[in-house]
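Remarks on the structure that follows.
The values are calculated or read from the model by the stated rules, or taken from the named source; none is laboratory data. Just so it is clear, the structure is predicted and the values come from calculations on it, not from any experiment. The area values use the complete protein model at the heavy-atom level, side chains included, leaving out ligands, DNA and RNA. Shrake-Rupley method; radii C 1.70, N 1.55, O 1.52, S 1.80 Å.
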Amino acid sequence: MTAARDLLHVAMDTADHGPVERGDLSLALAGAEMIDLLGAEAAGLEDDRVVPGHRPAGADPLLEEAAASLVRETPQESVGDWLWRRGRNLSAAYTNALEEEGQFTRRRHRGRPFQTGELVPVDTPAHREAVERWTSGEPVLDALTAALGIRGKETAASPDVENDAVATVLAAVNDALLELEAYKQRRAVEQAAFDNIWRGDW
């Protein structure tokens with residue numbers, strides 16, 4: 001299991017927390033992929049710049065795709081730029097992949113057999129292991145889920161991540177999520193102002 005897959009299993013299991021917005025999840029998944037790439041030595045960091053390493057052999061197909069998409073010409077991109085570029089629609093790519101693998105399924109609505117419901121994890125060993133790592137306070141998964149507003153029983157206020165490169169990625173994820181939230185708030189204010197004009201509330 002990769003950090004990205006673990007994160008998706010926890011984020012999509014909404015029994016103990018509410019749904020996570022897709023844009024937020026996509027950014028966090030991109031961060032998890034970068035941490036997986038660092039662990040596989042498929043990428044490294046120089047300050048906050050992503051330096052490609054070797055291609056991971058026999059890795060998860062989505063992680064192989066992430067490694068192949070690294071910028072190999074100078075200047076290399078920053079971690080923040082990676083999150084925004086790689087994160088576009090990434091949650092859909094992961095949920096589709098795990099649904100095809102049978103790790104996720106569509107919950108059926110009672111009385112509406114032909115209408116598919118929300119996508120939920122299947123009770124598989126992979127899902128149970130991901131939840132176990134989360135509830136036991138595994139630092140990287142802990143930090144990523146906390147950034148998304150998902151907190152387990154053992155979640156620390158500031159998860160202890162000793163690796164400087166991993167800490168840099170986690171900080172970039174937090175910054176990107178704050179930037180996305182600010183953007184959504186601006187859009188909401190603009191939309192409200194537009195609606196008020198049409199209602200005559202001005």
Could you pull out every residue, at least 5 positions away or on a different chain, whose amide H is within less than 5 Å of the one on Thr105? Hs are placed 1.01 Å off N in the peptide plane, and Pro or chain starts have none.
Val120, Val122
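Expected output is a single nm value to one decimal: the length gained when fully extending between Arg186 and Arg106, i.e. 0.36 nm times separation in residues minus the C-alpha distance. What is it? Working shown, then result.
Numbers: separation 80, 0.36 × 80 = 28.80 nm, distance 3.34 nm.
Stretched fully, the Arg186-Arg106 segment lengthens by 25.5 nm.
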Using a 1.4 Å probe, what is the accessible area per residue for region 59-103, in Å²?
50 Å²
Can you list residues from other chains, or at least 5 along the same chain, whose modelled amide H is less than 5 Å from the amide H of Leu45?
Val51
